[in-house]
Amino acid sequence: GSNSFAVSGSRTADGAAILENDTHLQLESPSRWYLAHLISDDGMDVAGFLIPGMPVILAGRTHDLSWGITNGMADECDYFVEKLDTTGTRYMLPNGTSQAFTVIHDSIRVRDSASKDQSHQVPITVRMTAHGPVLAGMHPQGIESQFYGDSRAGGMPKNSIFFRDAKPVTMMWNGEYALTDELSGFLSLPRAKTVSEARKGMASFATPCLNLCLADKRGNISYQFIGRLPRRSGS
């Protein structure tokens, strides 16, 4: 697992805080992380790691503040085995009535495949319920066909509950309803001068749940579990 820690300035020889952050992700090519150093005319000077395509430094430092994140390892998803009506085309609600699936037609552009067309678009159909998208119900042979006979795909399970169309499994994710502006929190970190300002900027962060470790130039440190967890009823 990833790890992160901070040492207060009261425990170091020079009075400066120390922050360590290590996201234990497997080596990949291209790398998931991109090292960047950003300087702006209005005084921003920040260096750290970002994910290509995202306009925020997820782990980094300025002259005043350092921060790091690791996965919060929180249970943010719930799975539901849905019951279908007699037609097998609608799902049952708790009040005993049936409801039609919301169907979304999309496609995934596949570059590395056995198809001659290296930018082939694979069509996908997503069924939505009140709980969330349906993960089950796709027949194994249907999945195998999407790999165009590529032997690298390996074997597919034949008897998993996720392939039993009679009982589709849906997933309710925390991010479907705990909607806030996570990007603004990370955008505020390069402007924060102290640990307190950084914590305030990340106060509205909802998902995914993360461990946030902070240290500032004054020697202050902080750990905060950021994110919102579902409030579940029952045992």
Which order do the peptides 22-34, 47-59, 197-209 take when ranked by the mean count of other beta-carbon atoms within 10 Å per residue, highest first? 197-209, 47-59, 22-34
Any idea what the dipole of region 48-111 comes to, in debye rounded to 20, about its Cα centre with Lys/Arg Cβ at +1 and Asp/Glu Cβ at -1? 300
Projected label distance in nm at residue 24 and residue 99, using a 7 Å step from Cα toward the beta-carbon: 4.1
Percentage relative contact order, region 1-40, counting C-alpha pairs under 8 Å, at least six apart: 35
Mean shadow area (nm²) of the C-alpha convex hull around region 24-115 is 12.7
Points 7 angstrom from Cα along the Cβ direction at residue 232 and residue 41: gap in nanometres? 5.3
For region 164-235, what does the relative contact order come out to in percent, with C-alpha contacts under 8 Å and a separation of six or more? 29
12 Å cut-off, amide nitrogen to a point 7 angstrom out along residue 225 Cα→Cβ, residues in region 59-76: 72-76
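Only the coordinates and a few stated rules stand behind these numbers; no lab work does. Bear in mind the structure is a predicted one, so any value in this text is a computation, not a measurement. Positions of Cβ are backbone-derived with ideal geometry, glycine not excepted, and every protein chain shown enters the neighbour counts.
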